[in-house]
Amino acid sequence: MYNFEYKNPVKIIFGKETISKVADEIPKDAKVLLTYGGGSIKRTGVYDQVKNALKDFNLVEFGGIEPNPHYETCMKAIELVKAEEIDFLLAVGGGSVVDATKFIAAGALYENGDPWDFMEKRGIVNVEKALPLGAVLTLPATGSEMNGNAVVTKMATQEKKAFGSPFVLPQFSILDPECVFTLPDKQVANGVVDAFVHVFEQYLTFDVNSPLQDRWAEGILTTLIEEGPKVLSDRKDYQAAANFMWSATMALNGIIAVGVPQDWATHMIGHELTAYHGIDHARTLAIVLPGMMHIKRHNKKDKILQYGERIWGINAGTDDERIDAAIAKTVDFFESVGISTKLPDYDVPVDTIAKITSRFEKSGIKLGEKGDIDFKEVEEILKDRL
Ligand code: NZQ
Ligand code: ZN
């Protein structure tokens, strides 16, 4: 196992009827900016619950944050934060709202240029401070509620990029599983698949003798496979919703990543598909991941075999047959929750592959846990999905 340091200070408040607790977590004298998305929180009643809890607070609102939040929108919010002298940010929504709020929190205090710089240097070197923020999470998927990462899209250049910084870790996140009750099937499926692939990025690499991390990862995968379909078939199943919600948080709060190699190539390629075609984040992962498993079957052999055996009970046949069966099971699972895994299903023109490949060629970035996926392999992975 590798050496590691781990600290996660995010306070999680989990369970039924917990949204009203938001009032206890924000300093009473703070001027708060409530950020939200396209209005789902108004339809679901979450907005009223938050407003009611914060009725004695000095509150300003900023709505209209898009799924795959736009840099251009975040910059408007940063202007508002400065003009209103906001000193606490409360994100109410899914990963997009939480991510945008992180960007706003750091961007509002950034004095050395354009906050898009965070994306160019991944944040870790150039985010030096941020306004405090908290979250009321309405969609289990990204883990943003308990990590320091954010992904933002610059519409002007069709670039979707991530940054990470401990300064944007939420002070607290409230997770009320009843928020799942109002999610459309599409968003439940997205959440299950996004969390599933987060586990893969930290698990399906190579063995460093970390049996505990492996079993945590396998525990999350198994739970998602069991609970995801229950949530899809009965949205009011509170226990299934709770287990789904906690699985998604645990998939990307850093705990399963300690001491092990990480991949993230599927995410990096997936982000390009969203940048060019607006495809939902999780769906891009469902497209790319089977190609990644296929093309990297030699590098990832031991872990794919372990995954196939422990998660799907695949223990007969040659290594290659078992790897093919593990890929097929993964595809079947994604398709069973209603997510297609092939590029043509999303009307992606073939020339998109060349556009994406050329971006990786120009940047010279190599992906994967061994840094050995160059633009040529990116092309192979995408061509596998035609
Ligand atoms: O915008 P509103 O009206 O709120 O509606 C949203 C949105 O249309 C709706 N929704 C949210 N909660 C709901 C609800 N509808 C009914 N009932 C509820 N309770 O769902 C739609 C999608 O919301 P969004 O926040 O975009 O989804 P998600 O949580 O999947 O976030 C996706 C974003 O997170 C990034 C993705 O790239 C993408 O931009 N990611 C962030 C990560 C992180 N910070 O660590 C890691 C992930 O890998 C991911 O990249
Ligand atoms: Zn993701």
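Overview of values
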{"item": "Fully extended contour minus Cα-Cα distance, from residue 351 to residue 87, at 0.36 nm per residue", "result": "90.4 nm"}
{"item": "11 Å beta-carbon shell around residue 17, net charge (K/R +1, D/E -1)", "result": "0"}
{"item": "The chain: relative contact order as a whole-number percent, Cα under 8 Å and 6+ apart", "result": "15 percent"}
{"item": "Computed Kirkwood radius, in angstrom, where 1/r is averaged over Cα pairs of the chain", "result": "21.2 Å"}
{"item": "Region 185-383: relative contact order in percent, alpha carbon pairs under 8 Å with at least 6 residues between", "result": "26 percent"}
{"item": "Packing-based order for 248-255, 181-188, using average beta carbon neighbours within 10 Å, highest first", "result": "248-255, 181-188"}
{"item": "Global size of region 167-287 as Cα Rg and Dmax, reported in angstrom", "result": "14.9, 42"}
{"item": "Viscosity 1.002 mPa s, 20 °C: Kirkwood-radius Stokes-Einstein D of region 185-383 over Cα pairs, µm²/s", "result": "125 µm²/s"}
{"item": "Whole-number percent relative contact order across region 11-178, with pairs defined as alpha carbons under 8 Å at least 6 apart", "result": "28 percent"}
{"item": "Exceeding the 26 Å Cα-Cα cut-off - candidates 161/186; 301/366; 230/296; 42/161", "result": "230/296; 42/161"}
{"item": "Estimated FRET transfer efficiency (residue 363, residue 75; beta-carbon r; R0 22 Å; 0.05)", "result": "0.40"}
{"item": "Per-residue [θ]222 nm for the chain (sum of -39500 (n - 2.57) over DSSP H runs n ≥ 4, rounded to 500)", "result": "-15000 deg cm²/dmol"}
{"item": "Spin-label pair residue 31/residue 155, simplified geometry with 7 Å Cα→Cβ offset, distance in nm", "result": "2.8 nm"}
{"item": "Lys, Arg +1 and Asp, Glu -1 on Cβ, resulting dipole of the chain about Cα centre, debye, nearest 20", "result": "200 debye"}
{"item": "Neighbourhood net charge (12 Å Cβ-Cβ; Lys/Arg +1, Asp/Glu -1) for residue 86", "result": "-3"}
{"item": "Gyration tensor (Cα) of region 11-178, equivalent ellipsoid semi-axes in angstrom", "result": "24, 16, 15"}
{"item": "Computed accessible area, residue 133, all protein chains, 1.4 angstrom probe, square angstrom", "result": "0 Å²"}
{"item": "Residue list for region 347-386, given a label point 7 angstrom along the Cα-to-Cβ vector of residue 335 and an amide N cut-off under 15 Å", "result": "385-386"}
{"item": "Gained length - residue 372 relative to residue 121, 0.36 nm times residue gap less alpha-carbon distance", "result": "88.3 nm"}
{"item": "Cα-projected label distance for residue 128 with residue 277, points at 7 Å along beta-carbon direction, nm", "result": "4.3 nm"}
{"item": "Residue-span extension gain [residue 209 to residue 310] - 0.36 nm each, minus C-alpha spacing", "result": "34.7 nm"}
{"item": "Overall Cα dimensions of region 1-74 - principal axes, largest extent first, Å", "result": "47, 32, 27"}
{"item": "Local electrostatic count at residue 27 - Lys and Arg +1, Asp and Glu -1, tallied over other residues with Cβ under 15 Å", "result": "-2"}
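The values are calculated or read from the model by the stated rules, or taken from the named source; none is laboratory data. On a predicted model such as this, the values are computed, not experimentally measured, just so you know. Cβ: placed from backbone, ideal geometry, glycine included. Neighbour counts: every protein chain shown. Remember, those area values only see protein heavy atoms, side chains included, never the ligands or the DNA or RNA. Shrake-Rupley method; radii C 1.70, N 1.55, O 1.52, S 1.80 Å.
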